[in-house]
2 protein chains.
Amino acid sequence: MNIYSALKRVIVGRRLSNEQMGETLLPKRLALPVFASDALSSVAYAPDEILITLSLAGMTGYMFSWQIGVAVAVVVGVVVLSYRQTVHAYPTGGGDYEVASANLGNRSSLIVGSALLVDYVLTVAVSVSAGVLNARVIVPSVVGHEVAVAIVVIVLLALMNLRGVRESGAFFAFPTYIFMASMFLMVGIGLFRILVLDQPLASETANLTVMAPDGSLEPVGWVLIAVMARAFSSGCAALTGVEAISNGVPSFRPPKSRNAASVLGMLGVIAISLLVGIMVLAHLTQVRLIDELTGAHYIDPDGNAIHSSAVTVTGQLARVVFGDWFVPGVFIVVISTVVILFLAANTAFNGFPSLASILARDAYLPRQLHSRGDRLAYSNGIVTLAITAIALIWVFDASVTSLIQLYVVGVFISFTLGQIGMIRHWSRALTTQTDRRVRRRMHRSRIINTIGAGLTGLVLVVVLISKFTHGAWLALVSMAVMYLMMTFIRRHYEAVKEEVELDEDSDRALPSRVRGVVLVQHVNLPTAKAVAFARASRNTSLVGVLVALEEEETAQVVKDWNTEDFGVQLKVIASPYREITTPFIRFVSEMRTENPRDVVAVYIPEFVVGHWWEQVLHNQTALLIRTRLHFMPGVMVISVPYQLRSSKLARERARAASRPGRRTPGAR
Amino acid sequence: MNIYSALKRVIVGRRLSNEQMGETLLPKRLALPVFASDALSSVAYAPDEILITLSLAGMTGYMFSWQIGVAVAVVVGVVVLSYRQTVHAYPTGGGDYEVASANLGNRSSLIVGSALLVDYVLTVAVSVSAGVLNARVIVPSVVGHEVAVAIVVIVLLALMNLRGVRESGAFFAFPTYIFMASMFLMVGIGLFRILVLDQPLASETANLTVMAPDGSLEPVGWVLIAVMARAFSSGCAALTGVEAISNGVPSFRPPKSRNAASVLGMLGVIAISLLVGIMVLAHLTQVRLIDELTGAHYIDPDGNAIHSSAVTVTGQLARVVFGDWFVPGVFIVVISTVVILFLAANTAFNGFPSLASILARDAYLPRQLHSRGDRLAYSNGIVTLAITAIALIWVFDASVTSLIQLYVVGVFISFTLGQIGMIRHWSRALTTQTDRRVRRRMHRSRIINTIGAGLTGLVLVVVLISKFTHGAWLALVSMAVMYLMMTFIRRHYEAVKEEVELDEDSDRALPSRVRGVVLVQHVNLPTAKAVAFARASRNTSLVGVLVALEEEETAQVVKDWNTEDFGVQLKVIASPYREITTPFIRFVSEMRTENPRDVVAVYIPEFVVGHWWEQVLHNQTALLIRTRLHFMPGVMVISVPYQLRSSKLARERARAASRPGRRTPGAR
């Protein structure tokens, strides 16, 4: 244990106390980057996915590209407005789970919980895949190794998070601000050059014609509508991460709600302008994007078919805007995009264990996940998240276009239920509120949340219909599995809780007597210690029990026992099977049967050792007996540890290995 | 545990008590097959290895084939005579280990122990490989899959042995007697046809010329001597297993020693006649055997080189003796050879755990291996043996010729030390013996053992010199590793024994007071039970300790505690890290520091569950605290188990699953 602990400290870093967590209250200038990286990063892949989906309708689809961008932006706006209400109503951190739990009951909140858990996994998979895709713009050697690179990135993120979250504030601020600035500059300069300087900027894919998979150039009617619906659904990936701030209100500096709401507002404005800006600029520079997986392809001006896809929208725009006069600009845009996408994945590494902790508090997940104290619980969450995300990336070949089909479903389930919960919240609050001004504000909030719920519900339906067969079913199945598992765990805990509840009928009588039994194998210090402890415990009766294996040895032990004069009788019991466990267990069991009202206290001398291999050489019998006595009602098992020198040395070594000048809590 | 136990019973079968073992006393007619299969089976591959080694000297080597057979037979005779002395001197079962231990001291006995452990592994590998090689005679489709077949056989043997050894007597008798009968018939009929009927029997390889690896037809001098020495060494594989009877004297019917000695005599006569008979017959029918691995090859009468080896000597002889008039004879010989070889491997599966048990008794191996009671200890030995044998077969490609180079070394180390031990034994006995007739017998025995020791020592030197670079070094290195490991374990046990010894200076004072602490997480039945037990234990003081994680929950627990009116004070301690373990450990540790003469008794309520997955949901905190308290001197850890319904159901299921009408010992 000690070596393991020391190693863990080195890799995972020192623990944070609640007080230290208090230090991390965030000013707005840090809160924005910390909470917004997830939401903002999605503008790096949402435009790509819109264009790729539209390419399924060939050039016709592209006629509607920026309108779809605007539609998504409208949804972003409404959702941001809705969450500002949540932030005000739940200053203690009202994630959708909490809101649903408080207003809609267990089932809804558990649906939200399942949806969010699945979506955290997808956030990691999608963000990292998108980051790797963008990295290809400046590091072409990544091509062909996307899966490997993505896995390495996830492993690094997991290790970083296993070491702790102290980095937060400043660590997020720099790259996020660089990202925002460079993106705004890119969009601004691009639009300025085209609209004001009237320069004919054309992207590298402008002269390519996009051919739909079936080859028809002019799809009409339902086909076109279906494609546009899917493009919109994919574009809605831009909304992921918006809810982060409503979870994180307690981390804001006071006035918490006000600050959180204003950061949310800023986030909304930035996200909308970037999204619309990018879509418009892509439209003006005629970016055409396909994904070879969908079956769409390019035709070049000479009429040749090109089946490999071009680089990301961000990459193309950076090249066209900066490429001809300021090449470093291309690098800054792309690198900051990659970094912010990895940061977005990183937020999931914080969010997932937090949510798991809350779910564990409500008995939906194993209890030990609740404790935030030691990072053990968090570690489990981080490792689980990393492994599932890696599996997804492996299966879907790190393809953002494939992964995005699974995404968004969970987010919108959570959005919709959260907003419905808020409607209920306001309605309830109105029944007790009498102040007219407050009532008016509440009415307004309720209207906003109703619009939010309606719109997000509508989007959810669109997403489900347009993506169900393309992958959304898998996300739904995963959520259902999570839901059932968590229901099962909760039910188990509740059944156990009920089983062990103290009620009026519970037997409160004290056991009349305690009969002590010391397991004797040798007469030595550990045994003497166990006997001393047993005697000090002043049981009603006390007896040493020796299982006779070899005649000679038994005789020797009996002799030693009498020499020592413990003042305790030694009983020798026969062992027909030449083994210790069964006869001893039978002895204890008979003692119980004879005196059912009494308790039997079994004292087992145990060695505490310093090395793992010593464990193989000692305590095997004690372990076996302990395990089997566990099944016997009315039996207390008392391990009387005897510390061997090696264990003391190991403890001292572990203590010396921990950092000097730091208080080592406990023996660990 | 219950499910595991039930499963284990199904696979491993019921246990044998010491009394049941008593039933298995063997009459001579059963003792011979039980103990002789190992020794006799080696006549199935010793001739092959002699001829293959001689092929390294081309046709010249074959001139000496039957003389080498005779030399080996002489060694067999001397060794059998020597062991008859051992059997008389140690009627309680004098394996070489016991003899060396009693007469030569720890080091020698440990060398014997290491040698035998390594040789048991080789017995399995060599016998199974040889069995598979013989199977090729009648099942040609085995060719090319030898390794796979050999591994399957070992796995089956291991499973059979995990199920138990009840089969012994009758199970061994039938195939062993068939083997002896068919081999004697084959040799007898063959010699009769050639010598009496004067039929010109010639084996299928008679018209082939053997070419030595270097192509020279006439090696002379040292080369020839070296080849013959190696051939003799390989032939000495025929001696393996002879010592089995001296280990097994207690299993004989009385008069044990006399019966064992006469069975040993029979074994010697049978082994010698078969070995010499086969070598002579092979010589007369001009069997030529090569192994493609050595580089030797055949030249057929037309002058073409043939590089693939022929079938085994037994196979060739069976075909030439029976093939032209009674084909079933071929099958009987070959099948019984295969079976007896697998039986020989099986004896190692009994011998290895027995030896491990004796070594564990002497503290050279982990103590728990000593207990013969439950088969747990034996299982470990069986699995270890199977895995190492499989590894050897894998590495050496199931080649008997390669494996035999590692073999024999251990056997002769054990022989030599055993015989030296016997010389010492007689010399000692003579110092106290006054009866002249007895003295004369002892003198004679000492002379026989001296000859035995001299001869086996000489063979050991020949084996070491002729085989060292061919593989014997690996066997020696393995033995050295085993020796060092066992010395280390023994030293560890001795150091611990000394450390925990009770002497005059040992502190025998009883702890002045016992301060009880109950770990409280909830107020429920398990907690109430723990409190009741703690109160019944009448400690000097008793306090409940609650670690405050969440304010609300803490308040509720405190309220419930007071409602219940346990008559015990509840202490609430703060948890800056929002975790239970560290603050609790610190509390206990401070209690210890304040009252160093007192003992702290920590009562931990624990759930006993029925399913493995429930373990994940419960007791994690208890486990962590228990593990960490173990390192604290003066602290008793008292698990107060609370049986959940699921555990009771699981216990009942396990009980129902065990065979009806059989007494189920204990809860297991």
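Here, each number is a calculation from the coordinates, and none is a lab measurement. Predicted, not measured: the structure shown is a model, and the values here were computed from it. No Cβ is skipped: glycine too gets one built from the backbone with ideal geometry, and neighbour counts run over all protein chains shown.
For the range A:582-597, 3J(HN,Hα) computed residue by residue from phi via the Karplus equation (6.51, -1.76, 1.60; θ = phi - 60°) reads 4, x, 5, 4, 5, 4, 5, 5, 5, 4, 5, 5, 5, 10, x, 7 Hz, glycine and proline entered as x. Where only DSSP H runs of four or more residues are counted, chain A gives -21000 deg cm²/dmol as its mean residue ellipticity at 222 nm, each run worth -39500 (n - 2.57). Over all Cα atoms in the protein assembly as shown, the spread is summed up by Rg and Dmax: 40.8, 130 Å. Sequence-ordered 3J(HN,Hα) estimates for the range A:449-460 from the Karplus curve with 6.51, -1.76 and 1.60 and θ = phi - 60° stand at 5, 5, 4, x, 4, x, 5, 5, x, 4, 4, 4 Hz, glycine and proline given as x. Hey, with R₀ at 35 Å, roughly what FRET efficiency would residue A:70 and residue A:469 work out to, going by the Cβ-Cβ distance, to 0.05? Computed FRET efficiency for residue A:70 and residue A:469 comes out at 0.80.
Computed from backbone phi with θ = phi - 60° and the Karplus coefficients 6.51, -1.76 and 1.60, the 3J(HN,Hα) list for the range B:188-194 is x, 4, x, 5, 4, 5, 6 Hz; x is used for glycine and proline. One way to sum up the overall shape of the range B:14-135 is the equivalent ellipsoid from its Cα gyration tensor, whose semi-axes run 33, 20, 16 Å, largest first. Going by neighbour counts of Cβ atoms within 10 Å, the residues B:613, A:222 line up, fewest first, as A:222, B:613. Measuring between their Cα centroids, the range B:298-375 and the range A:628-644 lie 48 Å from each other. The fraction of Cα-Cα pairs per 5 angstrom bin, counted from 0 for the range A:179-250, comes to 3, 10, 9, 12, 16, 16, 16, 10, 4, 2, 1 percent, rounded to whole percents. The residue B:29 and residue B:223 beta-carbon pair, evaluated with R₀ = 51 Å, returns a calculated FRET efficiency of approximately 0.60.
Note on the range A:71-214: semi-axes of the ellipsoid equivalent to its C-alpha gyration tensor, largest first and rounded to whole Å, are 35, 24, 19.
Summarising the amide proton neighbourhood of residue A:542: residues at separation of 5 or more, or on other chains, whose placed amide H is nearer than 5 Å comprise A:516. Pull up the cross-link candidates among the lysines for residue B:256, meaning alpha carbon to alpha carbon under 20 Å and not fewer than 8 places away within one chain. Output for residue B:256: B:28. Mean projected area of the Cα convex hull of the range B:465-508, taken over all directions, amounts to 3.9 nm². Between residue B:202 and residue B:439, the simple spin-label model (points 7 angstrom out along Cα→Cβ) gives 6.5 nm.
Here the translational diffusion coefficient of chain A follows from Stokes-Einstein with Rh set to the Kirkwood radius across Cα pairs; for 4 °C and 1.567 mPa s it amounts to 45 µm²/s.
When residue A:306 is represented by a point 7 angstrom out along its Cα-to-C-beta vector, the spacings to that point in the other copies are 6.9 nm, nearest first.
Look at A:572, B:263, A:500, B:400 and count the other Cβ atoms within 10 Å of each Cβ; fewest to most, that gives A:572, A:500, B:263, B:400.
Amide H to amide H distances under 5 Å link residue B:573 with B:546, B:547, B:548, where only residues 5 or more positions off or on other chains count and H is placed in the peptide plane. Here the range B:268-380 yields Rg over Rh of 1.20, to two decimals, using C-alpha coordinates and the Kirkwood radius. For residue B:297, the residues 5 or more places off, or on other chains, whose built amide H falls under 5 Å of its own are B:211. Summary of the geometry: the range B:247-277 and the range B:379-399, compared by the centres of their Cα atoms, lie 29 Å apart. For the range A:416-479, the convex hull spanned by the alpha carbon atoms encloses 64 Å³ per residue.
Considering only Cα atoms, the convex hull volume of the range A:453-582 works out to 280 Å³ per residue.
Ordered by the count of other Cβ atoms within 10 Å of each Cβ, fewest first, A:554, B:314, A:469 give A:469, A:554, B:314.
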